[in-house]
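> Sharing a structure, written as structure tokens. Questions coming.
Computed from the coordinates by the stated procedures, all read-outs in this text should not be read as laboratory data. These figures come from a predicted structure and were not determined experimentally. Positions of Cβ are backbone-derived with ideal geometry, glycine not excepted, and every protein chain shown enters the neighbour counts.
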Amino acid sequence: MTRVLCEAALQSESSQTLDPQNWDEIRAQGHRMLDDMIDYAANIRERPVWTPIPDAVRARFHAELPLKPSDLADVYREFTECIVPYATGNVHPGFMGWVHGGGTAVGMLAEMLAAGLNANLGGRDHMPIEVERQIVEWMRAMFGFPSEASGIFVTGTSMANLMAVLVARTAALGRPVRQRGVGDQGALLTAYTSTAAHGCITKAMDIAGFGSDALRCVEVDRSHRIDVAALRARIAADRSAGLKPFLVVGSAGTVDIGAIDDLQALSSLCRDEGLWFHVDGAYGALGILSPAIAPRLAGVENADSIALDFHKWGQVPYDAGFLMVRDGRQHRETFSAPAAYLRRETRGLAAGSSWPCDLGPDLSRGFRALKTWFTLKTYGTEKLGAMITRTCALAGYLEMRILAEPQLELLAPVQLNIVCFRYRAADANKVNGDIVVDIQESGIAAPSTTVIDGQLAIRAAIVNHRTDTCDIDALISAVLEFGAQRSRSDHGRVVEVEQSPPLAM
Ligand SMILES: Cc1ncc(COP(=O)(O)O)c(C=O)c1O
């Protein structure tokens, strides 16, 4: 800047800082916001689960890039009028769609504190990084991982799974893969998961440079668990064809129905075959906190890497994904990238290496660890485990209600906290798709859909710690009511009820 420009800028208006002119005013406004958000959570049952955004609101909301300042109170009013009433709805106990956690007031407050500190957790020597390291230590203890295991917060399990594939890639091809790409050797590598695995595994293979065809999606048994014998056969066939199997991804809680693969059998197979064993535990891995579920996760302690989300069953506000790698050295080998401007020191602010930026693609990183630390400290793992057990009990209650209603039909065994069912109807796929949208638009509940054996299912994932039996009852009543309406309007009659054979559990 020229001197003239500098002087002009320094002489302009009293202060160009973004701090408030009057701290008392922002304090009062802040207290109002805090009270409102605590009321929002406390009185969430008084709201519809979800409300479609009216065209007028959408139109009113979209505005020109603001050039001039506005009063914080006015901006906040716009938030309360245009944003709050049309949020996703997952804070509400009636939200059962996809796999969404409900969040907590504790997590919300911790998020505010994190924003106040405005810490960048890419690296350097400060206490917020120790908070993340503390969580890593707790995760090692929770999953029986060794002290050299590394861990890092990421956005979500999609990212954690991608990073795990990249670590497995480096383990298979060595560090030079980072300079030379996967090359001819990489073209021979094959990975394995089940047909029930989450789509982000396919995406990860694509992004990692293998191509999604290199992922073998092995068939599942009646409980939607990977068929380990078929997996073994597929690996053998690929080896015979000159390919190089390198990775198996097991699911701890499949996205559609909550099946947990036989992790013990997968870990033995991977040990025998010399393969990287990754567990996608997006929501199911935290089942380790529930004495009822933990035994079904046996084998997870042998994984080479685990991906999970605290924002699902852990109820930490979005987002809080996590990756843990048994061999921290291999994790660092995959992502560390020295740079002059990131020079490490033995003292001063640039001390404390290794830094989280050595464990993933991000350099600038927020303080996701704080809301997770507050959640674990405030509730303790026993209470969180009991809450997780209860969501599964509620899924069992929903299953019982479905089995008692002749007009309803269970479409998959209930193994965890996810229930897939449908209303019996002539054009069942269409009718059930309509029922789900009707229920969402009614504000009574928010289930989602999936397809099980070619049949569209109403899918209720009980993840939210606030959900209770009354929410399950409301869902059942709504399905029966909208189902009857849809069947009448679409076909002029309610279909005859057929008894299906009971599902194997
Ligand atoms: C089994 C499984 N894996 C991966 C994911 C993706 O997780 P995220 O949405 O946090 O990226 C999900 C999401 O529901 C999931 O259920």
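> Taking N as the number of residues in region 345-502, what value does Rg over Cα atoms divided by 2.2 N^0.38 Å take? Write down the numbers at each step before the final one.
Values: Rg = 22.2 Å, N = 158, 2.2 N^0.38 = 15.1 Å.
After normalising by residue count via 2.2 N^0.38 Å, the value is 1.47.
> Under 20 °C and 1.002 mPa s, how fast does region 229-358 diffuse according to Stokes-Einstein, given a Kirkwood radius computed over C-alpha pairs? Answer in µm²/s, whole number. Show your work: numbers first, answer last.
Details: Rh = 16.9 Å.
Rounded to a whole number, D works out at 126 µm²/s.
> Compute and list, largest first, the equivalent-ellipsoid semi-axes of region 17-74 from the alpha carbon gyration tensor, each √(5λ) rounded to a whole angstrom.
Values: eigenvalues 144, 99, 7 Å².
Working from the Cα gyration tensor, I get semi-axes of 27, 22, 6 Å.
> Further question: I want to check the label-to-label distance for residue 34 and residue 113. Put each point 7 Å from Cα in the C-beta direction and report it in nm to one decimal.
Placing both labels 7 Å along Cα→Cβ, they lie 1.2 nm apart.
> Is it possible to state the helix-based mean residue ellipticity at 222 nm for the chain, with each DSSP H run of 4+ residues giving -39500 (n - 2.57), the sum divided by total residues, to the nearest 500 deg cm²/dmol? What is it? Mind dumping the intermediate values first?
On the way: 16 runs with 214 residues, N = 505.
It comes out at -13500 deg cm²/dmol, rounded to the nearest 500.
> While we're here: Below 8 Å, C-alpha to C-alpha, sequence gap of six or more: please give me the relative contact order for the chain in percent. Don't skip to the end; give the middle numbers.
Details: 884 pairs, mean separation 102.6, N = 505.
Dividing the mean separation by the residue count of the chain yields 20 percent.
> Compute the signed sum of charges (Lys and Arg +1, Asp and Glu -1) over the other residues within less than 11 Å, Cβ to Cβ, of residue 268. Please list the in-between numbers first.
Details: positive: 232, 271; negative: 262, 272, 273.
With Lys, Arg at +1 and Asp, Glu at -1, the net is -1.
> So for each of 415-423, 323-331, 294-302 I average, over its residues, the number of other beta carbons within 10 Å; can you give me the resulting order with the highest mean first?
The densest-packed peptide leads the list: 415-423, 323-331, 294-302.
> For region 141-236, what ratio Rg/Rh do Cα atoms give with a Kirkwood hydrodynamic radius?
Numbers: Rg = 14.9 Å, Rh = 14.9 Å.
Rg divided by Rh gives 1.00.
> Could you state the orientation-averaged shadow area of the convex hull built on the Cα atoms of region 338-427, in nm² to one decimal? Before the final figure, lay out the partial values.
Details: hull surface 45.0 nm².
That works out to 11.3 nm², a quarter of the Cα hull's surface.
> Let me ask something additional. Roughly how large, in nm² to one decimal, is the mean projection of the convex hull of the alpha-carbon atoms in region 380-431? Kindly include the intermediate steps, with their values, before the conclusion.
Values: hull surface 16.5 nm².
In nm², the orientation-averaged hull projection of region 380-431 is 4.1.
> Additional query: Show which lysines lie in cross-link reach of residue 371 when reach means a straight Cα distance below 17 angstrom and same-chain residues fewer than eight apart are skipped.
Excluding near neighbours in sequence, the set is 312, 383.
> Related question: What is the Cα convex hull volume of region 398-469 when expressed per residue in Å³? Don't jump to the answer; show the numbers that get you there.
Working: hull volume 6.6 nm³, N = 72.
Convex hull of Cα atoms, per residue: 92 Å³.
> Looking at the calculated P(r) for region 191-253, what percent of the C-alpha pair distances fall above 20 Å?
Numbers: 466 of 1953 pairs.
Here the long-distance tail beyond 20 Å is 24 percent of all Cα pairs in region 191-253.
> Over its Cα atoms, what ratio of radius of gyration to 2.2 N^0.38 Å does region 46-199 give?
Numbers: Rg = 22.3 Å, N = 154, 2.2 N^0.38 = 14.9 Å.
Rg over 2.2 N^0.38 Å, computed on Cα atoms: 1.50.
> Using per-residue counts of other Cβ atoms within 10 Å, averaged over each peptide, order 93-104, 227-238 from highest down.
Details: 93-104: 24.0, 227-238: 16.6.
Final packing ranking: 93-104, 227-238.
> In the chain, if every C-alpha pair distance is counted and binned at 20 Å from zero, what percent goes to each bin?
20, 48, 28, 4, 0
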